[in-house]
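I have placed the structure first, in the form of structure tokens, so that the comments after it can refer back to it.
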Amino acid sequence: MISIKSEPVYEGRLYLAQCHRQNFSKTEQVNAMRLTIVTPAGPDSKAGNRATALRWQSLLEAASHQVEVVTEYQRQETDCLIALHAWRSADAVKRYRETWPEKPLIVVLTGTDIYRFQHEFPDITWASMDAADLLIGLHDLVAEDIPERYHDKLLCLRQSAPKPSVAGSARAEKDQFHVCVIGHLRDEKDSLRAAWACYHLPEQSRIVVSCAGKAHNEAWREKALEESRSNPRFHYLGELDKPKLEHLMAVSNLMVISSIMEGGANVVSEACRAGLPILASDIPGNRGLLGDDYPGCFPVKDDKALASLMLRAETDAEFLAELRAKVNALASGFTPESELESLELALVRCKKG
């Protein structure tokens, strides 16, 4: 089992403040604005969209904007509202548009918006999209899965991650091949697929899987704990803080992302910046970040296909090197500088008047 140590990492504002001193010449200059970011994830939440809101707050504040993050919009004046979730933030979007009909509005499309809610609740989801001056998608293939009438207002943004402070050369024990799965345990993530893939591995395989993340509910927690007890290759580590997550990635040989839907997982950014090879489910949210030619994709919910790729990564050094070369080549697209450029471009495009 991997020993998780607390190693130092770059704190959010430390690395963000450093990058914002650069000159972002690719985007039109944006005057300082008062911005409000609304997310349904509360202050104590570690959900990905809360993390996105706080990261954007840090990025934009370091670029001289004033930014507040709220869970409910109460009609307060702001120069622009950025709403994370079209469906979950529908009330905030409606309230803002009623109160400030001429002010700019950005709606960020999450995975559940694109792949679930616009089909289950089209009127509510599309009303938010209609109200927006600009839509932000978090991977390059979002346009394929939303109505064509929204394409002109869509901007694709890639979420960033800091360069890790723990060197990848710290890869774990030579007698084991470590695979990590990072993310909240829930249905959309298909979080135990790598664990189940282990049952298809040959006895001589050195693969072990470590899973880190908070269970969405008690049923998921019990399922993960039971799998950890019964599967000798699988270890559920629970929810880890950022230093321990960074160390887990540093000692891993491979990451598995097995989601059945994603709006653009930030863990892809983190793995690419860490130079950690990825095996990912073949869904638009992963292909839209990794590319259609990425060699490490497997069919959704196919643990046999995943096991085959895991075994190939363990035993075929050239294949593992190819995966690593791919993520290293993608890493420059996941920098804080690039994300800030996209955010400021979004502000330019949606600004009225």
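Coordinate-derived values only; no laboratory data. Bear in mind that the values here come from a model prediction, so they are computed numbers and not experimental data. In this analysis, Cβ positions are derived from the backbone assuming ideal geometry, glycine residues included, and neighbour counts consider all displayed protein chains.
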Please list, in chain and number order, the residues 5+ apart from VAL67 or on another chain whose amide H is under 5 Å from its amide H, with Hs placed from the backbone. LEU35
Just to be sure I understand the model, the point goes 7 Å from the Cα along the line to the Cβ. What's the resulting LYS304 to GLU61 distance in nm? 5.2 nm
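Dipole of the chain, Cα-centred, from +1 at each Lys and Arg C-beta and -1 at each Asp and Glu C-beta, to the nearest 20 debye? Before the final figure, lay out each step's value.
Working: 42 positive and 50 negative charges, 132 e Å.
Using only the charged Cβ atoms, the result is roughly 640 debye.
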Report, in degrees rounded to the nearest 10, the 0 to 90 angle that the Cα long axis of helix 303-315 makes with the longest principal axis of the chain. 70 degrees
Residue farthest toward the positive end of the dipole of the chain, with Cβ of Lys/Arg at +1 and Asp/Glu at -1: which of VAL69, VAL179, ALA86? VAL69
Roughly how tilted is helix 90-99, in degrees to the nearest 10 and between 0 and 90, from the longest Cα axis of the chain? 20 degrees
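Give LYS244/LYS301; LYS163/LYS244; LYS242/LYS301; LYS153/LYS301 a once-over and call out the pairs whose C-alpha atoms are over 26 Å from each other.
On the way: LYS244/LYS301 28 Å; LYS163/LYS244 15 Å; LYS242/LYS301 28 Å; LYS153/LYS301 33 Å.
Correct reply: LYS244/LYS301; LYS242/LYS301; LYS153/LYS301.
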Top of PRO232, PRO147, PRO104 by mean-square fluctuation, Gaussian network on the chain, Cα under 10 Å: PRO147
In nm, to one decimal, how far is the VAL70 label point from the GLU148 one, both placed 7 Å along Cα→Cβ? 3.9 nm
Please report, in debye to the nearest 20, how large the charge dipole of region 124-281 is about its Cα centre when each Lys and Arg carries +1 at its beta carbon and each Asp and Glu carries -1 there. 660 debye
In percent, what relative contact order does the chain have, based on Cα pairs under 8 Å that are 6 or more apart in sequence? 20 percent
Using only Cα atoms, find the angle between the long axis of helix 48-62 and the longest principal axis of the chain, and express it within 0 to 90 degrees, rounded to the nearest 10. 60 degrees
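Of the peptides 190-200, 55-65, how do they stack up when ordered by the mean number of other Cβ atoms within 10 Å, highest first?
On the way: 190-200: 21.9, 55-65: 20.1.
Going by the mean number of other Cβ atoms within 10 Å, highest first, we get 190-200, 55-65.
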Just to be sure I understand: with springs between alpha-carbon atoms less than 10 Å apart, which residue in SER205, SER259, SER230 has the highest mean-square fluctuation in the Gaussian network model of the chain? SER230
What label, among (1) 20.7, 63; (2) 22.3, 77; (3) 20.4, 67, belongs to Rg and Dmax of the Cα atoms in Å computed from the structure on display? (3)
Which whole-number percent gives the relative contact order of region 30-145, counting Cα pairs below 8 Å spaced six or more residues apart? 25 percent
Positive end of the dipole of region 168-333, charges at C-beta (+1 Lys, Arg; -1 Asp, Glu), about the Cα centre: which of LEU254, LEU237, ASN328 has its Cα farthest in that direction? LEU237
